[in-house]
1. Just one of (1) closer than 20 Å to GLU45 by Cα; (2) modelled with pLDDT under 90 trips up ALA150, so point out which.
2. Can you list residue pairs whose Cβ atoms sit under 9 Å apart, with the first residue in region 48-63 being closer than 19 Å to SER87 by Cβ and the second being of a type in the set (Ser, Thr, Tyr) and modelled with pLDDT under 95? Count only pairs 6 or more apart in sequence or on different chains.
3. Of the residues that make up region 80-92, is at least one under 17 Å from GLN34 (Cα atoms) and not hydroxyl-bearing (Ser, Thr, Tyr)?
4. Being surrounded by 14 or more Cβ atoms within 10 Å (Cβ to Cβ) and small (Gly, Ala, Ser) is the filter; apply it to region 53-79 and report the residue that is nearest to VAL35 (Cα to Cα).
5. Residues of region 96-116 being modelled with pLDDT of 90 or more and among the acidic types (Asp, Glu), which ones?
6. Failed condition for GLN39, given (1) in a helix (DSSP H, G or I); (2) at pLDDT below 90; (3) surrounded by fewer than 18 Cβ atoms within 10 Å (Cβ to Cβ), with all others met?
7. Please determine, by comparing only the residues of region 96-109 that are assigned to a helix (DSSP H, G or I), touching a helix residue (DSSP H, G or I) at 6+ places or on another chain (Cβ under 8 Å) and of a type outside the set (A, V, I, L, M), which one is farthest from ARG48 (Cα to Cα).
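The values are calculated or read from the model by the stated rules, or taken from the named source; none is laboratory data. This structure is a prediction, so every number in the text was calculated from the model and none was measured. Here the Cβ positions follow ideal geometry from the backbone for every residue, glycine too, while neighbour counts run over all protein chains shown.
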Amino acid sequence: MKKEMNSVREELQLFARRFGLLNASCCDECCGEQVSMAQGHILFEVRRAGNPSMQQVAEELGMDITTFSRQAKSLEEKGLIVRRVASEDRRVNLLGLTPSGDEVMGRIDRYMAGRIERIFSSMTAFERETVVRSLGLLNNALKKGDHADARQKEKVACCN
């Protein structure tokens, strides 16, 4: 079992490097903006969740609220997100993408779609389906693991 876990970890580490998940300048390459990788994740999550609260996005990304606030402020200053006070609770700030933020996400989407298509181009339809299904299973297992021990919030890639 230990050998299998080492193999899984090795495959995940190699995937992260080869896919560019550790590339600090990824967004410079794909959308031409001065957007850090963390900020790219924030933009993605704001769009995915549809006007979420700052706390929701910070929790989803596993960021402490202070670090998240600095990143969100930077994105706001760049004109990529807008922050507004929730009408039902004035202590809550909701986030949304601006038209410029939508445009940047569109460029990131096109870049990522091209990368994924190039990666998948060497696979059969069955292999592509298997990869997509496996990623879904892995994400669901990670989500269940987070819910099972919410107090500890173990992360796969780091040692907290």
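1. Tallying (1) closer than 20 Å to GLU45 by Cα; (2) modelled with pLDDT under 90, ALA150 fails exactly one: (1).
2. MET54/SER69
3. yes
4. Step by step, filter region 53-79, then rank; the result is SER74.
5. Residues satisfying the conditions are ASP102, GLU103.
6. Result: GLN39 fails condition (3) only.
7. Looking at residues that are assigned to a helix (DSSP H, G or I), touching a helix residue (DSSP H, G or I) at 6+ places or on another chain (Cβ under 8 Å) and of a type outside the set (A, V, I, L, M), I get ARG107.
Conditions tested, residue by residue: (1) at pLDDT 85 or above; (2) assigned to a helix (DSSP H, G or I); (3) farther than 22 Å from LEU142 by Cα; (4) more than 19 Å from the chain's Cα centre (by Cα).
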| position | (1), (2), (3), (4) |
| --- | --- |
| VAL35 | no, no, yes, no |
| GLN55 | yes, yes, no, no |
| THR66 | yes, yes, yes, no |
| ALA72 | yes, yes, yes, no |
| ARG83 | yes, no, yes, yes |
| ARG90 | yes, no, yes, yes |
| LEU94 | yes, no, yes, no |
| ARG118 | yes, yes, yes, yes |
